[in-house]
Structure formats: C-alpha cells, structure tokens
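*Asks:* Dumping the structure here so I can ask a few things about it.
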Amino acid sequence: MYDFQSGHLNFDLEDLKPQEKWWDRLPKLLQYFEKDSQLLDILITGGDALMSSDKSLKRILEEVYQMAVNKRKNNKLKKKGDKFAEMLRIRLGTRLPVYLPQRITDDLINILADFKEKASKIGFKQFLIQTHFETAMEVTPESAEAVKKLISAGWTVTNQLVFTAAASRRGHTAKLRKVLNDIGVLTYYTFSVKGYKENSHNFATNTRAVQEQIEEKVIGEIPKDQFEKIKEFPLEAERMIENIDSLKKECNIPFLATDRNVINLPGVGKSLTYRTIGITYDGRRILEFDHDHTRMHSPIINKMGKVIIVESKSVSDYLDQLELMGEDIKEYESVWGYSIGETEARMPVYEYPEFNFGLTEELTNLEV
C-alpha cells in the first residue's frame, strides 16, 4: 500500500518469489523468537491462521512448541539477571468463526486442546483466538456453536471490531459487546479504519471513536476492585460464559468493556492518543499522534519524528453519511467537541503473567 501511494508501481516479481520452501523457512523464522530477549507472545495470522489445513496448523504449532522448549532450555544456562523472556501467550488470528464457522471441526478442536495441554507444561499460560465480528447480526447459531467449541478446548476467544462508518453508529458497538459476551467472547480492540483515500467510504473519524469510548462504552466499565477477578479468566477459559455472566451481574452492567478504542498507525502502533493541530480547506482534521503511554516501546521511538495524519473525511461529511444511513445526527452533536484523545489502559485480562525470575535488560534483534 505504502509503495503504491509513493508512486512505486513496478515490482521485480522474480525477486519477490520465495527463495526456499515454507517448511525450511519456518524454523529459521522462529529462531527470531527463540533468540529474542523480550518476546513472550506469538501471533499466527497468515492472512488467516485457520485457512491452513489441520495438518499444516498442527505442524506450525509443533514448531512453535519446539521453539518455546529451546528458549526455556537456554534460560537454564543463563545466570540470574541474564535470562530471556519465555513464551507465555499464543494467539491465532482468524475470521473463520464468523464467515465459515463450519471450519471449527472436532478434529481442529482436538489439535488445539492437545497443544494447550502440552504447551501449558512448558510455561504457556494464555491461549487466544482473535476473531473479527463486525455486527451482532453476524452472531449466527453456527458462529455461536463454533465459539463454544473453541472455548471447550480451553482457548479464550477475543474480538477485534473494525470501527467502520456503518459499525460506528450509536449503540452498535454496545450491542455487539453484549451479544459477544453472551456467547463467551471477550472484546479486545475497537480499531478505527486507517484514513487512506481508498478507505474513505468506510472511515469513521477519530473524534467519533473518542465519543463512543466516553459516552457509550462507559456503561460497561468494570470497577477496579474486580480487576483481579477478570485477570484469571484466561486461566479457566472453559468457564468463560459463566465467569462473564457472574461478573456482569455482580457489577450490574450489560456487558464487559474489555476492549480499547485505538487506531493502528505505522510508526505509532496501536494508540488513540492524539491532538488536533489543524484543519484543511475542506474541513478534514489534521491530527498529531503519540504513542500509547501505558506500555513499553522500543527505544527507536526516541529517534522518530512526529506522526501526523490528515483524515480522509471531514466530521461534516461523516455525519452526512450517517444521516443517509437513517441516523438522527442530533444524537452525535457532541462529536465536534472531541479534539483530543487518550489511549485507555490495557485491561488486566490481557496483561502478561509475571515471571518468577528477573529478565535481562538487554535488547536483542534490535539495533538503534
């Protein structure tokens, strides 16, 4: 995308061809994780992790397991204070539970359950399926059954909503959070669409993301005195529906607002920390973004300049679009007042468990 937008329209297709077979390349790729001092989380996507056959996925998981075993063995040879982070979390990114729930077969569940049982013994503590429900209408009986099966394998199912113009309508995300909680899914991120011209139709302004966060998601806010309880949810994923229901009743809230509203930007990562620094002649806002201050970042950010975007749509055009969808734009009037944003802290359910040893401060695989 960035090459095309920069005018680089010709590519050497021969040069882009793979130089070696995937199964020869995979162990080499995993050496990056094995030799990294800080990495403790691995995300398998692909595109879509579950587009792999059962045979391929099982082999990929076996390679991940072996990498984690090696990392743990190597740590035993290291002195106190020199130890590397060991693998604690694995995530599979997939939309198949939504648009092809029949993919979630008993054979697949057996593979996932077997991996969890084995990987738990070498330190993995969190097993996540990250999916992408966009609307409560996508939660069909088949999808609910697929999620139920995944939960039965001991995996936590989380959702990342892409905050499109259609998905940004009043009450839409609140309804989706409730319906997903009902089938045992925890919400993870609400992602604003990147403001490129080709995404302009789907783009909902960042000011609307802040408005949704403050005015709608707040009704599912979890009291801080319940944070320790929700932190344990992934450790007993098989009881996710019961645990969600219990916490909702105890807090008297309609859903658990466990997701963070963010945009994912090159050079910034996931953040909604911004301020409005200008406006174009046609009313589009110019935003200066900063990093999420609630998490650790690579020291490379200290050498970076400001990250500034021009939104692809003005607030006025966005509201006109909502009106065409049948929305009463009077319900959105306060959107004009949100000229700054601040990234929410990550919910404790997504925090990493603590190691029982001190980590090295060395940064490997990184040159600054």
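The values are calculated or read from the model by the stated rules, or taken from the named source; none is laboratory data. Here the structure is a predicted model, which means the values were calculated and not measured. Cβ: placed from backbone, ideal geometry, glycine included. Neighbour counts: every protein chain shown. In case anyone asks, the SASA skips ligands and DNA or RNA and just uses the protein heavy atoms, side chains included. Shrake-Rupley method; radii C 1.70, N 1.55, O 1.52, S 1.80 Å.
*Asks:* Name the one entry in E238, E242 that is in contact with a helix residue (DSSP H, G or I) (Cβ under 7 Å, 6 or more places away or on another chain) and among the charged types (D, E, K, R).
*Replies:* On the way: E242 fails: in contact with a helix residue (DSSP H, G or I) (Cβ under 7 Å, 6 or more places away or on another chain).
Answer to the check: E238.
*Asks:* Of everything in segment 305-324 that's outside any strand (DSSP E or B) and either open to solvent by 70 Å² or more (accessible area, probe 1.4 Å) or at positive phi (or both), which residue is modelled with the lowest pLDDT?
*Replies:* Of everything passing the filter in segment 305-324, K306 is modelled with the lowest pLDDT.
*Asks:* Also: Would you pick out the residues in segment 31-77 that are without any contact (Cβ under 8 Å) to a residue 40 or more places away in the chain and outside any helix (DSSP H, G or I)?
*Replies:* The answer is G47, S52, S53, L77.
*Asks:* Sticking with this one: Out of all the residues in segment 325-348, which are at pLDDT 95 or above and hydrophobic (A, V, I, L, M, F, W, C)?
*Replies:* M325, I329, V335, W336, I340
*Asks:* Pull up segment 347-363, narrow it to residues that are open to solvent by less than 60 Å² (accessible area, probe 1.4 Å) and under 14 Å from the mean Cα position of the chain (by Cα), then point me to the one that is farthest from I90 (Cα to Cα).
*Replies:* The qualifying residue farthest from I90 (Cα to Cα) is M347.
*Asks:* Against the conditions (1) open to solvent by less than 50 Å² (accessible area, probe 1.4 Å); (2) touching a strand residue (DSSP E or B) at 6+ places or on another chain (Cβ under 9 Å); (3) within 18 Å of F163 (Cβ to Cβ), where does E342 fall short? Just the number, please.
*Replies:* (1)
*Asks:* Now for a different question. Only strands (runs of 3 or more DSSP E) wholly contained in segment 230-283 count here; list those with 2 or more residues that are under 26 Å from Q126 (Cα atoms) and either in contact with an Asp or Glu (Cβ under 6 Å, 6 or more places away or on another chain) or open to solvent by 30 Å² or more (accessible area, probe 1.4 Å) (or both). Write out each step before concluding.
*Replies:* Numbers: elements: 260-265, 269-271, 273-279.
It comes to 260-265, 269-271.
*Asks:* Identify the residue in segment 85-103 that is under 16 Å from the mean Cα position of the chain (by Cα) and in a loop (DSSP other than H, G, I, E, B) and, among all such residues, is nearest to K35 (Cα to Cα).
*Replies:* Result: T94.
*Asks:* Report, by residue number, each residue of segment 104-129 that is more than 18 Å from G184 (Cβ to Cβ), part of a helix (DSSP H, G or I) and basic (K, R). I'd like the intermediate steps shown before the answer.
*Replies:* From segment 104-129, those more than 18 Å from G184 (Cβ to Cβ) are 105-107, 110-111, 114-115, 117-125; that's our starting set.
Restricting the remaining residues to those that are part of a helix (DSSP H, G or I) gives 106-107, 110-111, 114-115, 117-120.
Hit for segment 104-129 is K118, nothing else.
*Asks:* Would you please name the residue that is surrounded by the fewest Cβ atoms within 10 Å (Cβ to Cβ), looking only at residues in segment 5-61 that are of a type in the set (S, T, Y) and farther than 27 Å from P97 by Cα? Write out each step before concluding.
*Replies:* First, the residues of segment 5-61 that are of a type in the set (S, T, Y): 6, 32, 37, 45, 52-53, 56.
This time we only want the ones that are farther than 27 Å from P97 by Cα, so: 6, 32, 37.
Details: S6: 8, Y32: 12, S37: 16.
Of everything passing the filter in segment 5-61, S6 is surrounded by the fewest Cβ atoms within 10 Å (Cβ to Cβ).
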